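What follows is a set of notes on a single structure, which appears directly below.
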Amino acid sequence: MAIPRATQMSKMTATPNGSGKQRSSSVQASSSSSSSSSRRSSTLSSILPAVSTTNLRMHRAVSMFQDGTPESRKPDFPMFSFGRMKLDNMRCEKQINSMRCSLGLYRDYPLANSILSNAAVREKALKFSGKKQLNHVRGTDGWWRSMLVLEVRAIDNYFNVWCVIFFNAIFASVLGMIFGVHLANATLAQWDTVYSLVLKTSLAFLLVFRLNRIAMRFWETRTMWGNITHNTRNLVGGILSYGRHNPKHRDEAIKWASAYCVATTHFIRSDHEIPTEELAGFLTRSQIDKMQDANHQPLYAASMVRYHLRKIFEVGRMTPPGLAYAYATQHNNLEQLIQSLIAQTSGMERIRSTPLPIVYVTHLRTFLFLYLILLPYVWVSEWGWLTIPLVGFTAFALLGIEGSSTECEVPFDKSRPNHLAMDGYCLVILDGVQGLVVQDANLAMQEFQDEIEEEEDEQEATEEIEIEAGDADEIIDHRDIRSGGDVDEEFGECSESTIVV
């Protein structure tokens with residue numbers, strides 16, 4: 001009697017990754033089937049109904065057809081994927097992930113199930129925390145959108161100084177236009193020379209140098225976050241690939257490696273309260289509290305990763321030398337990635353605690369302030385009342401350059417739209433880890449399915465051989481019976497002739 005395909009899949013999904021004994025038992029149970037065509041037809045009939053069906057048959061059947069798994073080797077056994085199925089009411093990846101969890105497809109893969117089930121919570125928390133950076137206008141949004149903005153100009157960094165300069169321009173205009181107080185023509189000619197050769201040239205050099213240094217610091221910090229992103233991906237990928245023999249410590253190492261980016265974000269911001277929602281599915285509240293109580297949260301997360309890596313690649317007396325060497329090599333490779341993560345965090349600490357030297361900033365601001373304060377007394381005799389808006393516009397332009405430099409000098413504040421979107425970077429990192437973990441679970445299920453198919457192929461070949469052998473035995477027996485009957489007839493004829501004689 002043929003075993004339904006859904007029953008075979010239930011046996012498969014009940015097998016956790018890393019348990020060979022349960023796999024062998026389920027393979028033996030599935031090898032008792034006799035017809036592959038009937039099993040494939042039952043599989044298709046269990047998948048083709050509406051996806052909203054949540055009965056046991058659908059619950060088991062869908063578990064074998066996930067995104068990222070390789071196609072089946074059998075041409076008449078197609079793979080069905082949620083990502084490739086055109087569903088009218090489930091086009092969003094969030095809904096697809098929710099459906100996967102509700103069907104219990106990853107119930108034997110606790111890390112993948114936990115990460116997927118809390119994906120929406122993490123995304124909402126991180127987007128809310130980084131809403132200032134994630135929702136503001138970007139430089140690539142076009143001329144008009146980038147021009148007609150006010151908040152991103154960081155006017156609050158120099159508004160008080162601008163007001164002083166503007167009211168001073170009003171005062172100078174009143175003295176010149178109402179009371180007739182003007183500078184002499186010879187003095188104005190000398191001031192033009194001083195302004196053009198000394199103040200303008202010096203200020204241009206100082207402003208450009210300061211803005212250039214700040215841009216370099218900003219881009220260096222962004223590069224550090226890029227390194228954290230790809231180092232975390234490589235670290236998690238390495239742990240998934242080489243830690244299969246110890247799933248408990250493998251999952252814990254992945255959790256702490258993923259939490260490193262969130263710990264770095266709050267540590268650089270001097271924010272020691274880490275919300276549970278930002279690490280939902282990765283760490284529990286008690287684990288987050290222990291990390292918060294540490295003096296250096298990123299180092300605490302890194303130390304936890306190292307602890308679980310030691311457990312994964314632990315070498316004992318009974319470990320074969322070749323395996324011990326492989327463990328040591330992979331452990332060293334993953335340790336280098338952890339060291340690189342710590343180096344990026346240390347670089348951001350350096351930028352946070354080391355602004356530009358105060359002597360440079362003081363010199364620049366002093367010359368800039370004097371230039372703008374004296375400017376209306378030079379222009380009032382030529383421009384009259386227009387001196388007020390001209391001085392206001394010039395001060396806005398020059399102070400804006402210095403204010404933008406101040407704004408991006410330490411770009412770690414979540415309340416400033418021009419600062420780094422570190423919450424968005426964390427969201428990207430955690431989404432990448434989610435993809436790696438889910439992909440590994442999918443491949444584990446597909447690998448087990450391939451083993452089942454290989455066993456079924458061997459069983460079918462054995463059954464065909466047995467059938468052919470049985471048919472051959474029947475033919476031989478039939479021939480023996482016929483040959484025996486002929487002998488009896490000949491013996492009977494011989495007996496009759498003997499009696500006659």
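A few notes on this one:
- Set 107, 57: member being in contact with a Ser or Thr (Cβ under 9 Å, 6 or more places away or on another chain), modelled with pLDDT of 75 or more and open to solvent by 50 Å² or more (accessible area, probe 1.4 Å): 107
- Some residue of the stretch 457-466 being in contact with a helix residue (DSSP H, G or I) (Cβ under 9 Å, 6 or more places away or on another chain) and modelled with pLDDT of 90 or more: no
- Residue check, residue 238 under 22 Å from residue 440 (Cα atoms) and touching a helix residue (DSSP H, G or I) at 6+ places or on another chain (Cβ under 9 Å): yes
- Of the residues making up the stretch 129-173, just one is closer than 22 Å to residue 265 by Cβ, in a helix (DSSP H, G or I) and without any contact (Cβ under 8 Å) to a residue 60 or more places away in the chain, namely 131.
Residues are listed down the side, and each one gets a yes or a no for (1) among the hydrophobic types (A, V, I, L, M, F, W, C); (2) open to solvent by 20 Å² or more (accessible area, probe 1.4 Å):
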residue: 223; (1), (2): no, yes
residue: 230; (1), (2): no, yes
residue: 239; (1), (2): yes, no
residue: 242; (1), (2): no, yes
residue: 245; (1), (2): no, yes
residue: 253; (1), (2): yes, no
residue: 260; (1), (2): no, no
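- Scanning the stretch 267-290 for residues that are open to solvent by 10 Å² or more (accessible area, probe 1.4 Å) and under 26 Å from residue 410 (Cβ atoms) turns up 267, 269, 270, 271, 272, 273, 275.
- Scanning the stretch 406-414 turns up one or more residues that are part of a helix (DSSP H, G or I), at pLDDT below 95 and more than 21 Å from the chain's Cα centre (by Cα).
- Condition check for residue 298: touching a residue at least 12 places away in the same chain (Cβ under 8 Å) and surrounded by fewer than 22 Cβ atoms within 10 Å (Cβ to Cβ): no
- Only one entry of 148, 134 meets the criterion of being over 18 Å from residue 282 (Cβ atoms), touching a helix residue (DSSP H, G or I) at 6+ places or on another chain (Cβ under 6 Å), open to solvent by 50 Å² or more (accessible area, probe 1.4 Å) and aliphatic (A, V, I, L, M), and that entry is 134.
- Count of the stretch 393-406 residues which are closer than 14 Å to residue 153 by Cα, open to solvent by 10 Å² or more (accessible area, probe 1.4 Å) and out of contact with any Leu (no Cβ under 8 Å at 6 or more places or on another chain): 4
To keep it simple, each residue is scored yes or no on (1) over 22 Å from residue 240 (Cβ atoms); (2) of a type outside the set (A, V, I, L, M); (3) more than 42 Å from the chain's Cα centre (by Cα).
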site	(1), (2), (3)
326	no, no, no
349	yes, yes, no
362	yes, yes, yes
371	yes, yes, yes
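- Any chance residue 119 is crowded, with 18+ Cβ neighbours inside 10 Å, at pLDDT 75 or above and hydrophobic (A, V, I, L, M, F, W, C): yes
- Within the stretch 338-359, the set of residues being outside any helix (DSSP H, G or I) and either among the polar types (S, T, N, Q) or touching a Pro at 6+ places or on another chain (Cβ under 6 Å) (or both) comprises just one member, 354.
The values are calculated or read from the model by the stated rules, or taken from the named source; none is laboratory data. Every value quoted in this text rests on a predicted model; they were computed, and no experiment measured them. Cβ atoms come from the backbone with ideal geometry, glycine included; neighbour counts cover every protein chain shown. The accessibility values were calculated without ligands, DNA or RNA, using every heavy atom of the protein model including side chains. Shrake-Rupley method; radii C 1.70, N 1.55, O 1.52, S 1.80 Å.
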